[in-house]
Ligand code: NAD
């Protein structure tokens, strides 16, 4: 039987503030359900609809790893390519105990929509290993990464499928992937992966990009609402890559960050959190968790309390299905900006809509990462690297343009932003499928 989060993660008492694992709902059902809704609204050709309902390729691999104690454990790995209609497949690699085929399929499809909605020339993919890497040594993670890379290599390639970081993977993991492919290929092939360290072909601005993109669309949303950034309070669930940069950048834009959380629980101060002190404490904590923050100027809250705290903007930036039918009617934020992929269930979405909560959907709100991944790939292919200001400016142009396009489209179609963004994306992918035709 697959271990649950609580079984595999043995954590010190200070970290036991974690919300109960979300009741398991199938993200793939959510993704197909929303695609069907968009297809019906678009009056999509049934043949093209049928193509988009299935990934192009699903690869399942077994990944044996020699652990430091000499034991061999075998993990299950996945790479799914949902669509290459608009360009090479693109999507992250996740190391997490909950990774499974349907989740990877769903996340791959979401990458297809995401790349289409922001107009970058990629299709969608996703990969992952069903593993809890938090207790593993760096050597073990390196061996696992290299073996996994070799196992999925037949379907990777700079013009085929380009991985990137996701939950529990980072620039170091991307460096091992690029090195493995380069060693096996006998040539430097850094463009096989994005989110690499800058010293081996990574882009300036990539690590902050998803959070920055989320902050940019939050700014655009507040502008549409006629609301001043300086009068806006924000709560962020998931103080990892996406959440922590979104929080810092929104603070620099004038917002007040009143609550943040991670797997070890949350911190709340209605007058605004001292993010610099929090970042120092997280950096000093052996597992880089908020549990390391021991100052007395905050209330300790759990993740459920974070989601329902009294703020203007809520940014779920942890994992999927955090906002569900059982808590959606207690959410007090008027605006939700989805930093994570799929943080809201379909039932919760309907509840939020009926309550007038405006949701900027994941495929738009967290697209900043793949936008700068695209900019990294472009820089790698031309072997010419840009200053950070240029990267940030291009990111900002694309995010602002995409937000306004989705906003205008959703208004014109009289649908919520989530459905509007998806309809726009599905339409663009369908157009590419039509242009290319069905081979042979
Ligand atoms: P990360 O591993 O850096 O951060 C995840 C954070 O969520 C950590 O702080 C973790 O402690 C916290 N967390 C995990 N379970 C939690 C729970 N039950 N309650 C509260 N906090 C919890 O991962 P990330 O890269 O920041 O990704 C976060 C989300 O954003 C994922 O859904 C990912 O798919 C999505 N995303 C990431 C990127 C990117 O560029 N990193 C791009 C697009 C989307």
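Each reported figure results from applying straightforward, stated rules to the coordinates on display, with no laboratory input. Because the structure is a prediction, the values reported are computed rather than measured. Because the Cβ atoms are built from the backbone with ideal geometry, glycine has one as well, and the counts that use them run over all protein chains shown.
Points worth noting:
- Cα gyration tensor shape of the stretch 168-231, rounded if a/c is under 1.5, else prolate or oblate by comparing a/b with b/c: prolate
- Likely footprinting exposure, 66, 242, fewest C-beta neighbours within 10 Å first: 66, 242
- Here the calculated FRET efficiency for residue 59 and residue 159, from their Cβ-Cβ distance with R0 = 22 Å, stands at 0.80, rounded to the nearest 0.05.
- Among 102, 199, 241: highest mean-square fluctuation, GNM of the chain, C-alpha pairs under 10 Å: 199
- Sequence ranges 221-230, 361-370, ranked by mean other-Cβ count within 10 angstrom, highest first: 361-370, 221-230
- Cα-based shape type of the chain, given that a ≥ b ≥ c are square roots of the gyration tensor eigenvalues and the cut on a/c is 1.5: rounded
- Computed over the chain, the per-residue total of -39500 (n - 2.57) for DSSP H runs of n ≥ 4 gives a 222 nm mean residue ellipticity of -14000 deg cm²/dmol, rounded to 500.
- Relative contact order (%) - criterion: Cα under 8 Å, at least six apart; region: the chain: 17
- Taking packing as the residue-averaged number of other Cβ atoms within 10 angstrom, the listed peptides 75-83, 413-421 run from highest to lowest as 75-83, 413-421.
- Prolate/oblate/rounded call for the stretch 257-378, Cα gyration tensor, a/c under 1.5 rounded: oblate
- Extending 7 Å from Cα along the Cβ direction at residue 413 and again at residue 397 yields two label points whose distance is 2.6 nm.
- Ranked by how many other beta carbons lie within 10 Å on average, peptides 352-358, 42-48, 210-216 from highest: 210-216, 352-358, 42-48
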